[in-house]
Structures are given as structure tokens and as C-alpha cells.
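Comments concern the structure below.
The values are calculated or read from the model by the stated rules, or taken from the named source; none is laboratory data. These numbers were taken from a predicted model, which means no experiment stands behind them. Cβ placement follows ideal geometry from the backbone for every residue including glycine, while neighbour counts extend to all protein chains displayed. Surface accessibility is based on the protein's heavy atoms, side chains included, excluding ligands, DNA and RNA. Shrake-Rupley method; radii C 1.70, N 1.55, O 1.52, S 1.80 Å.
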Amino acid sequence: MGICDDPEILKAYDEVCDDKNEVNWILLTFADTKSNILKVGHKGTGGIDELKEHLKEDEAAFGYVRVPMSNDPLSQRTKFVLVSWIGQQLSYMRRARLSVQKSDVTKVLRYFSIEVPATERTELDADDILVQLKKAGGANYDRQTSNY
């Protein structure tokens, strides 16, 4: 069985990608401390701030977040963020496997504008992520009022 073979993962991913669905984030966690199999650990409607509440210092996880953004009232669009969480107390063996496992995760969570690797919750500030998304998005027509 592959790392992302659980059909609930694809179902949850589709929920996040659907603008008509309230679910706007998922967090994939490992089934247990020894497992190399991911499951949908959590999902919700409160964006990156709610996702952060479920991150644990002794775990690795992958988050996927839908972020609505706009430069002006006529330019509404949706962007997606991949979060690669590595808790500060995570074992070295688990850390070593994550780079290979992340490539398998990105085969399922395919479409994202930016990846935010994080080892502390403070690295997942919603405003900072929005700035990163704007930078990655190309043309910025409200540059006079932006932070970058």
C-alpha cells in the first residue's frame, strides 16, 4: 500500500478544491508513529489558523489549504497552499524519510501555488502566506497598497 492510497485523502482533497464546499483545509497525518501511511487527520472550514491548532510537535503532517484572494473587487481568485509540517520533536528517522514521502504526497495534492515548510506555528501566519501568494501570482495591480 502506498503512502496516499487511502481513498478518503482524494475525497478530502476534492472537497478543498471545490469552491462551493465549505471545507477549505485538510491535514494529512501518519496513521501512527511507526507508519508510513497517511490518513486524513483533520479537516475544517477555518483556514490556516484552524489548521495550525491541529499541528503537534512530535509529528510530521501535510496540510492543504484553499485561500481566496483578490487584488481588487473585480479580481477574485482562489489559490492553494501546501504546508509541510515537521514538528520540533519529530524523530530523526521520520525527518529523513519526509523528502521522499513528500514527492508521493504532491502526486495527490497536485495543484498548489506555494509550499510553506514549517517547524513552528509562527511560520504559518495567514497574512505572511497571503503576501507570498501575491508574490507568486505575478501581476499585482494594487502594488501601491501592498506590503512588498
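Where both partners of a DSSP beta bridge lie in the stretch 33-127, what percent of those bridges are antiparallel, to the nearest 5?
70 percent
In plain terms, the chain from Gln76 to Lys107 could stretch by 8.5 nm, reckoned as 0.36 nm per residue minus the Cα-Cα distance. GNM remark for the chain: springs join alpha carbons under 10 Å apart, and the peak mean-square fluctuation among Lys20, Lys52, Lys79 falls on Lys20.
Sorted largest first by accessible area at a 1.4 angstrom probe radius, with every protein chain in place, the residues Arg121, Arg94, Arg77 fall in the order Arg121, Arg77, Arg94. Going toward the positive end of the dipole of the stretch 1-93, with +1 on Lys and Arg Cβ and -1 on Asp and Glu Cβ, which of Ser35, Gly47, Pro73 do you reach last? Farthest towards the positive end: Pro73. Within a straight-line Cα-Cα reach of under 17 Å, Lys43 can be paired with the following lysines, leaving aside sequence neighbours fewer than 8 residues apart in one chain: Lys11, Lys20, Lys52, Lys56.
Plugging the Kirkwood radius over Cα pairs into Stokes-Einstein for the chain, at a temperature of 20 °C and a viscosity of 1.002 mPa s, what D comes out in µm²/s?
135 µm²/s
When only the Cβ of Lys, Arg, Asp and Glu is charged (+1, +1, -1, -1), the dipole of the chain relative to its Cα centre reaches about 480 debye.
Under the rule of -39500 (n - 2.57) per DSSP H run of 4 or more residues, summed and divided by the residues of the chain, what mean residue ellipticity at 222 nm is obtained, to the nearest 500 deg cm²/dmol? Please report the intermediate quantities before stating the final value.
Details: 4 runs with 45 residues, N = 148.
About -9500 deg cm²/dmol.
Got the relative contact order for the stretch 2-148 handy, in percent, Cα pairs under 8 Å and 6 or more residues apart?
20 percent
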